[in-house]
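The values are calculated or read from the model by the stated rules, or taken from the named source; none is laboratory data. Note that this is a predicted model, so its numbers are computed, not measured. Here Cβ is always computed from backbone atoms with ideal geometry, including for glycine, and neighbour counts include all displayed protein chains. Please note that ligands, DNA and RNA were not included when accessible areas were found on the heavy atoms of the full protein model with its side chains. Shrake-Rupley method; radii C 1.70, N 1.55, O 1.52, S 1.80 Å.
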Amino acid sequence: MPFGGGNKCGCCQKTVYFAEEVQCEGKSWHKSCFLCMVCKKNLDSTTVAVHVDEIYCKSCYGKKYGPKGYGFGGGAGVLSMDTGEGLGIKPEEHAPHRPTNNRNASKFAKTPGGSDVCPRCEKTVYAAEKVVGGGNSWHKGCFRCAKCGKGLESTTLADRDGEIYCKGCYAKNFGPKGFGFGQGAGALSHAQ
C-alpha cells in the first residue's frame with residue numbers, strides 16, 4: 001500500500017480508501033470510477049470484462065474484441081448490423097467484393113510451380129491462408145458469395161460453374177421458379 005492511505009484508482013489515479021474500494025484483477029477502483037470504458041455503465045463482478053488495463057461491460061467487450069461476422073449474433077436468432085461505431089469502436093475495413101474472373105474455373109487450376117491459384121483473385125494460395133470449397137482453393141478473404149459478398153464456410157456454400165454462392169443467393173438465382181416456390185411461409189412468386 002503506497003504512502004498516503006490507500007491504493008491508487010485504476011481510472012483516476014487518486015487514492016482509494018477502503019469504504020469506496022472495488023477490486024478487480026489485482027487493482028483498486030473507486031465505486032464511481034468502476035465504469036465501462038465505452039458506454040460508461042456501472043460494473044460489478046458479474047458484468048465486468050477486462051482487457052489489459054481496461055474494463056468493459058460484457059456487451060462492449062464483445063463488440064470490440066469478440067468474434068466478428070456471420071453467425072455471431074447477440075442471442076437466439078439475432079442478426080445485428082451494429083458495428084459499434086456509436087460506441088467509438090472502429091469497424092474492420094474489407095476489400096471491395098469482386099466476383100471470380102478466372103476463365104479457367106477448373107478444380108485443377110494451378111500455377112506452373114504446382115501451388116494452388118485462387119479463382120477469385122488469380123493469386124497463389126499458400127497453405128496458411130487456404131480454404132477449400134467448391135473444388136477449388138481460395139484465400140480466406142476471397143471465400144465469399146459471388147453475388148452478395150457474404151463470408152462463407154464449407155457448410156454454408158453452394159457452387160455452380162466454378163463459382164461459390166451463399167445458399168440464399170444460390171436459391172434465388174438457380175433454384176426452382178414459379179408458383180409455390182416463394183421465399184417465405186406461404187409466399188407465392190411469379191417468375192417470367
Pull up all non-local amide H partners of residue 150: gap of 5 or more, or a different chain, and H-to-H distance under 5 Å with H placed in the peptide plane.
145
Just to verify a number: FRET efficiency for residue 44 and residue 124, C-beta to C-beta distance, R0 = 41 Å, to 0.05?
0.20
Of 40/150; 40/64; 64/172; 123/172; 41/140; 41/64, those spanning more than 26 Å from alpha-carbon to alpha-carbon:
40/150; 64/172; 123/172; 41/140
Put a dot 7 Å past each Cα toward the Cβ at residue 160 and residue 13; how far apart are the dots in nm?
6.2 nm
So for each of 6-19, 139-152 I average, over its residues, the number of other beta carbons within 10 Å; can you give me the resulting order with the highest mean first?
139-152, 6-19
Using a 1.4 Å probe on heavy atoms of the protein chains only, the accessible area for residue 59 in Å², nearest 10, reads 70 Å²
Under 5 Å from the placed amide H of residue 55, counting only residues 5+ away or on other chains, we find 37
Taking the convex hull of the alpha carbon atoms in region 1-68, what volume per residue do you get, in Å³?
82 Å³
Output wanted: per-residue J couplings in Hz (rounded whole) for region 22-29, from phi through Karplus 6.51 cos²θ - 1.76 cosθ + 1.60, θ = phi - 60°, x for Gly and Pro.
10, 10, 8, 6, x, 10, 9, 9
What order do you get for 32-39, 166-173 when each peptide is scored by the mean count of other beta carbon atoms within 10 Å, highest first?
32-39, 166-173
